[in-house]
Amino acid sequence: MNIKSLLLGSAAALVAVSGAHAADAIVAAEPEPLEYVRICDAYGAGYFFIPGTETCLKIGGKVRTEGQWYDAYNPNSRLGTLWHTRAELRLATASDTEYGPLKTNTEIRWDWNDGNSTKTNLLHASISLGGFTIGKEDSEFNVFTGYAGDVINDDVVYDGPYELNQITYNYDAGNGFTAVISLEDSNSGVGATGVNGEDSSDHYAPDVVAGLGYKVGNFGFKVVGGYDSIVEEGAIKARVDADFGAFSAFLMGGWNTDGNKLNKYAGANGAGDAANIGWGDWAVWGGASVPINEKLKWNLQLAYTDSKIFAATTNLTFNPVKNLTIRPEVSYTNWDSINQDQWSGILRFERAF
């Protein structure tokens, strides 16, 4: 009887202990359902949906490092090797609306030159919707015509302004006809000056750019004009592009409305003794690109101005693997009006992503 009582008591104690432990047990919370990243291919490769939204995001950029010998823009430069490294981060977003895609473009650049601290620059920041773009981008005087050649030193002869605030409307008819009109402003603000040193801190009238283009088959033609509201002068550029299969080529000419003055659209890119030598009345650029094989391409650009600047640049673009570019380049510039010239070279390595 004592043994039976002992067994029953032990069993009761075990049940009580088990119950106490069950009461103290920690129950894990239900895991949140995972939301996997979804590919968004409506706006091109590389976009994905930001989780929990209908906005698509693309992340990209580049890392670039290069050595430079002398300076194609400055006849007084006698530098040995100048090493320069750059990183860029680009964020692009897009979402669908009843007026078409709503897009943003943001690009930040960091530069490091020999012995100098890193320089940070908000390169681009703009919003686009229904053909309109507002914010900071390169001038349409350059963008619409496609800049000035597939070489690094493509603007030794000045081809127009780059980063500035703007309100732009681009029209594409879908049949090869395109057009652009842009109000651009880098005139106002503390310390702002015009290209000839004019005080423009209280000047609020924007500059104006307008252009037309037409492309059929392998040939394209574009013309664009820019008006500098401070100088009250401007410039016009016209460009022809052709793809002949074995090679592609372009020819571009520019006319300055007053060859005795610099303006924002017909300015000067030189430095040192060449700092204020602009186009004069006109400038012309031409170039060609010849694919040698699927990994190697040869590029050439020549330019000449009414003010007797001659610039020639050639390079090889080598892509040993996808998204890696190695580019050796040689440039020669002659400023006949000051009887000076300059040879220079660049060796660039760039990884894009």
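Summary table
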quantity	calculated
Mean-position separation - Cα centroids, segment 296-338 and segment 267-283, in angstrom	18
Pairwise centroid distance, computed over Cα atoms, of segment 128-200 with segment 57-118, Å	17
Carbon and sulfur %, accessible surface of the chain computed with the full protein complex present, 1.4 Å	61
Of the GluC sites (Glu not before Pro) in segment 126-227, those whose Cβ has at most 15 other Cβ within 10 Å and which sit in DSSP loop	Glu198
Highest to lowest packing among 299-310, 97-108, scored as the average C-beta count within 10 Å	299-310, 97-108
Partner aspartates and glutamates for Lys261 [C-alpha distance under 14 Å; skip if fewer than 8 residues away on the same chain]	Glu198, Asp228, Glu232, Glu233, Asp281, Asp306
Nearest-20 debye value, the chain charge dipole, Cβ charges on Lys, Arg, Asp, Glu	1400
Nearest 10 degrees, 0 to 90: helix 2-24 Cα axis against the chain principal axis	20
Relative frequency of Cα-Cα separations exceeding 29 Å in the chain, percent	54
Residue pairs, from the table Lys222/Lys264; Lys264/Lys308; Lys58/Lys136; Lys58/Lys222; Lys136/Lys264; Lys136/Lys222, whose Cα atoms sit over 26 Å apart	Lys58/Lys222
Within a Gaussian network of the chain (alpha carbon springs, distance under 10 Å), most fluctuating of Ala249, Ala42, Ala274	Ala42
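The values are calculated or read from the model by the stated rules, or taken from the named source; none is laboratory data. These numbers come from a predicted model, not from an experiment. For neighbour counting, all protein chains shown are included, and Cβ atoms are generated from backbone atoms with ideal geometry for every residue, glycine included. Accessible surface is based on the protein model in full, side chains and every heavy atom, while ligands, DNA and RNA are left aside. Shrake-Rupley method; radii C 1.70, N 1.55, O 1.52, S 1.80 Å.
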